[in-house]
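Comments concern the structure below.
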Amino acid sequence: MTSAVPWGHSIVLSALVSAATAQMGKFGLDAVSRRKARLERLIGAGGMPSAHAAMVVALMTGVEAADGWRSTAFAMAAVLALIVMYDAMSLRRTVGRQSRYLNQVRRLNSPTLTDAAEFPEFVGHNLWEVLVGGAWGGMVALMLGAGRP
């Protein structure tokens with residue numbers, strides 16, 4: 001059975017669907033845990049699961065299905081995935097921590113500071129959020145048959 005979507009497009013589609021559904025899951029989990037829906041969670045970075053990890057793992061899974069794990073394209077997708085996931089857990093998480101401290105200092109110096117003027121604190125991920133996002137991306141790619149004829 002042949003797919004109506006060309007291989008490359010099915011890979012991109014699976015990456016986009018995995019990121020979008022991970023982001024919707026993030027919104028839902030946040031709404032349940034806080035008992036309040038925050039629309040920012042539909043587009044915001046950070047939180048469970050990592051939509052970035054979902055996207056790059058779906059991409060990597062689709063490329064592997066299309067070209068095999070020994071291909072140059074798979075090597076590039078795997079390196080990209082590792083960079084994105086490492087960045088989410090290290091650099092972006094550190095930026096979030098620094099933002100939290102800067103916001104505290106700004107509030108001490110200016111008690112009338114509004115939330116809109118604060119630096120975003122929720123921008124990175126912990127290992128668990130990245131692993132769940134990556135697993136979700138891989139599953140979505142497999143379910144959608146990304147990279148398969």
Quiz item: When the residues of the range 99-149 are filtered to those that are modelled with pLDDT under 80 and of a type in the set (Asp, Glu), which remaining residue is nearest to residue 20 (Cα to Cα)?
Solution: 121
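Any chance the range 62-84 includes a residue that's within 12 Å of the chain's Cα centre (by Cα) and crowded, with 23+ Cβ neighbours inside 10 Å?
In the first step, residues of the range 62-84 are kept if they are within 12 Å of the chain's Cα centre (by Cα); the result is 81, 84.
Checking which are crowded, with 23+ Cβ neighbours inside 10 Å leaves us with none.
No, the conditions are met nowhere in the range 62-84.
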Self-check item: Residue that is of a type in the set (A, V, I, L, M, F, W, C) and touching a Ser or Thr at 6+ places or on another chain (Cβ under 8 Å), where the choices are 63, 17, 84, 95
Solution: 63
Quiz prompt | Those residues of the range 14-40 which are among the aliphatic types (A, V, I, L, M), farther than 10 Å from residue 55 by Cα and part of a helix (DSSP H, G or I), in sequence order | solution = 24, 29, 31, 32, 39
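Scanning for something out of contact with any strand residue (DSSP E or B) (no Cβ under 8 Å at 6 or more places or on another chain), assigned to a helix (DSSP H, G or I), in contact (Cβ under 8 Å) with a residue 60 or more places away in the chain and closer than 17 Å to residue 15 by Cβ, does the range 69-78 turn up at least one residue?
As a first pass, look at the range 69-78 and keep what is out of contact with any strand residue (DSSP E or B) (no Cβ under 8 Å at 6 or more places or on another chain): 69-78.
If we keep only those that are assigned to a helix (DSSP H, G or I) as well, we get 72-78.
Add one more test, that the residue is in contact (Cβ under 8 Å) with a residue 60 or more places away in the chain, and what stays is none.
No, that holds for no residue.
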Practice problem: Name the one entry in 36, 26 that is surrounded by 14 or more Cβ atoms within 10 Å (Cβ to Cβ), farther than 30 Å from residue 149 by Cβ and modelled with pLDDT of 80 or more. | Solution: 26
Quiz item: Where residues in the range 17-62 are of a type in the set (D, E, K, R) and touching a Leu at 6+ places or on another chain (Cβ under 9 Å), which of them is nearest to residue 97 (Cα to Cα)?
Solution: 41
Quiz prompt | Residues located in the range 122-149, provided they are in a loop (DSSP other than H, G, I, E, B) and of a type in the set (Gly, Ala, Ser) | solution = 124, 145, 146, 147
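The values are calculated or read from the model by the stated rules, or taken from the named source; none is laboratory data. It should be emphasised that the depicted structure is a prediction, and the values quoted were computed from it without experimental measurement. Cβ coordinates were reconstructed from backbone atoms using ideal geometry, including for glycine residues, and neighbour counts include every protein chain displayed.
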